[in-house]
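What follows is one structure encoded as structure tokens, with my remarks underneath.
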Amino acid sequence: MKKPIRLLAGAVLAALFATSVIAEEKPNFVIVLADDVSWSSFGCVDSGLYTRTPNIDKLAGQGVRFTNFSGSVAQCGPLRHELYTGLLPPSSGVYSNGSKPRENYKNIANFLGDLGYKVGLTGKTHFNTADFHKVPGFTSNGNDSAPTWEMSGVKQFIESSQSENKPFCVVVASVHAHHPWTMGDPSNFPLDQIVVPPHMVDTPVTREALAKHAAEVEVLDDQVGATMKLLDDMKLAENTVLIFLSEQGTALPNGKWSVYDYGTKALCLVRWPGKIKPAVTDAVAMYCDISSTLVDIAGGEAPATDGTSLLSVLNGETSHHREHAYLVHQAGGYTQRAIRNKEFKLVWNPERKVDYYLDVLMEPKSGKFFAKAWREWLGKAQTDPAAQAQIDRVVKHPEFELYSIQEDPWELDNLANNPEYSPKLAEMHAQLKSNMETLNDAFSTVDPKDLKRAKKAKAEQADRSDKKERRRDRKNK
């Protein structure tokens, strides 16, 4: 009996050794995900506005920075679903915050879990993340007026992964800079020094909104710095792929809830010391590419998603990844599609009878701070034609918009009616239609909120009918 026991013991030791080697060889992953922060809110970008982000800027200098990185939808739920699953809205059905996935799709917790990883998440979830280990430390409610954060939960998660001889992946999902913009110190950003983006109406409340937002971004930068310090203190930085993503854009006009770059373009930074060299790449990439990239780096087979691995770009082997990004706005009964390559963006606005409308921004009684800015825009537009033109850019759209995003990064000059660019418009329109056909995508003016209200009303009506029927039965008895 002793020999089999020794063989069994030897097998167990060999398995433990193999597990230890796997954990040692496979890199760890840390993803720091911002909340409602436009690409222009960082000092490390070419058109950075007035914010203070020393830690994020430092990270940008240590890794690869993407200049053409986009999310398909400028809303939290769809974008996070795209990030975790690698699926675009037509594939998943997640077109807006009010829509749900068609089924329970696999995500990075499953993809990496199958490769031996322990995968956790702290902070904002926004959709079912039951497959992730819940990590304490960061507030999960983006609308919290006093969100808190600290790193001990992340540290404990990493330590538990190490004790199990598993590589780890942890998502640090911040709620900064989601409204209500109550954190940080806006006095660090004097209003007379605020840089108002050229697509906005320059008003006192607009400047105050941008200062409040910048203060929240500064808190986000502190969180990135704390994450970098934790990896250094635990001597894990060398074997950890650290990714920073800015999510979708700021909750101001033509930002969040739009297809314009202030809403869909994001900052993506990837650091892997000793493995990828610091660089800036103009490769066109999207959030759906991240999950495939993680699996590729971890040595697995890429999942069947809408994304493809960015590893060859990160290794400096190529600056070509996608022909273009695919962008969607379909919410509140308004629908748009767009594609964006390195040089141009085409926005297709199908004919409709209504103007763009966003209740949280444009409802006269909305208490959101960015809604106060909008009301100030409307007031100024009564006597200022330039302000009215800025408002019209938000609410009124021709069928086609074509922008030279290299020369016109704020998308102010629509080239669609310029004969010189007719061939480019036709080319990109054909590409967009082909994409929509391939993805089985279609314009829809159905508002998910209306569907939800109709479903609730139908259920309530059925309940009332059922109660009425039961009363009738009792009376007849």
Thr383 accessible area, 1.4 Å probe, all protein chains in place, Å² to nearest 10:
120 Å²
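Counting pairs of alpha carbon atoms under 8 Å apart in space and at least six apart in sequence, what relative contact order in percent does the chain give?
Answer for the chain is 20 percent.
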Highest average packing first - 361-369, 50-58, 215-223, 241-249, Cβ atoms within 10 Å:
241-249, 215-223, 50-58, 361-369
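Can you tell me which of 87-98, 370-381, 315-326 comes out highest on packing, and rank the rest after it, using the mean Cβ neighbours within 10 Å?
Listed from highest to lowest mean packing, they are 87-98, 370-381, 315-326.
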For segment 185-321, what is the largest minus smallest coordinate of the Cα atoms on each principal axis, given in angstrom and ordered from greatest to least?
52, 37, 23
Shape verdict for segment 216-290, please, from the Cα gyration tensor: rounded (a/c under 1.5), prolate (a/b greater than b/c) or oblate.
oblate
From the list [x] 91, 79, 48; [y] 87, 49, 45; [z] 63, 53, 44, can you say which value of Cα extents along the principal axes in Å was derived from the structure given?
[x]
What value, in deg cm²/dmol to 500, does the helix sum -39500 (n - 2.57) over DSSP H runs of n ≥ 4 give at 222 nm once divided by the residues of the chain?
-12000 deg cm²/dmol
If Lys and Arg each add +1 and Asp and Glu each add -1, what is the summed charge of the other residues whose beta carbon sits under 13 Å from the beta carbon of Ser292?
-3
So, over other residues within a Cβ distance under 13 Å of Ile405, counting Lys, Arg +1 and Asp, Glu -1, the net charge is -4
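Of all trypsin sites (Lys or Arg not before Pro) in segment 64-128, which ones are in loop regions per DSSP and have a Cβ with at most 14 other Cβ atoms within 10 Å?
Sites meeting the loop and neighbour criteria: Arg102.
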From highest to lowest solvent-accessible area (probe 1.4 Å; ligands, DNA and RNA excluded), Leu191, Leu83 read Leu191, Leu83
Going by average Cβ neighbours within 10 Å, how do the peptides 352-359, 182-189 rank, with the highest at the top?
182-189, 352-359
Taking each full run of DSSP H in the chain as one helix, which ones are at least 20 Å long along their axis (Cα atoms) and have mean Kyte-Doolittle hydropathy of at least 1.6?
none
Which entries of Lys106/Lys368; Lys256/Lys353; Lys26/Lys124; Lys342/Lys433; Lys134/Lys235; Lys396/Lys433 have Cα-Cα distances beyond 30 Å here?
Lys106/Lys368
Given an 8 Å cut-off on Cα distances and at least 6 residues of separation, report the relative contact order of segment 209-302 as a percent.
19 percent
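Summing +1 for each Lys or Arg and -1 for each Asp or Glu, what net charge is found among the other residues whose Cβ lies under 11 Å from the Cβ of Gln75?
In short, -1.
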Stretched fully, the stretch from Val360 through Glu323 gains (0.36 nm per residue minus C-alpha distance, one decimal, in nm) 9.9 nm
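The values are calculated or read from the model by the stated rules, or taken from the named source; none is laboratory data. Note that the structure is predicted; figures quoted are calculated from it, not measured. Don't worry about glycine lacking a Cβ; one is built from the backbone with ideal geometry, like all the others, and counts go over all protein chains shown. In case anyone asks, the SASA skips ligands and DNA or RNA and just uses the protein heavy atoms, side chains included. Shrake-Rupley method; radii C 1.70, N 1.55, O 1.52, S 1.80 Å.
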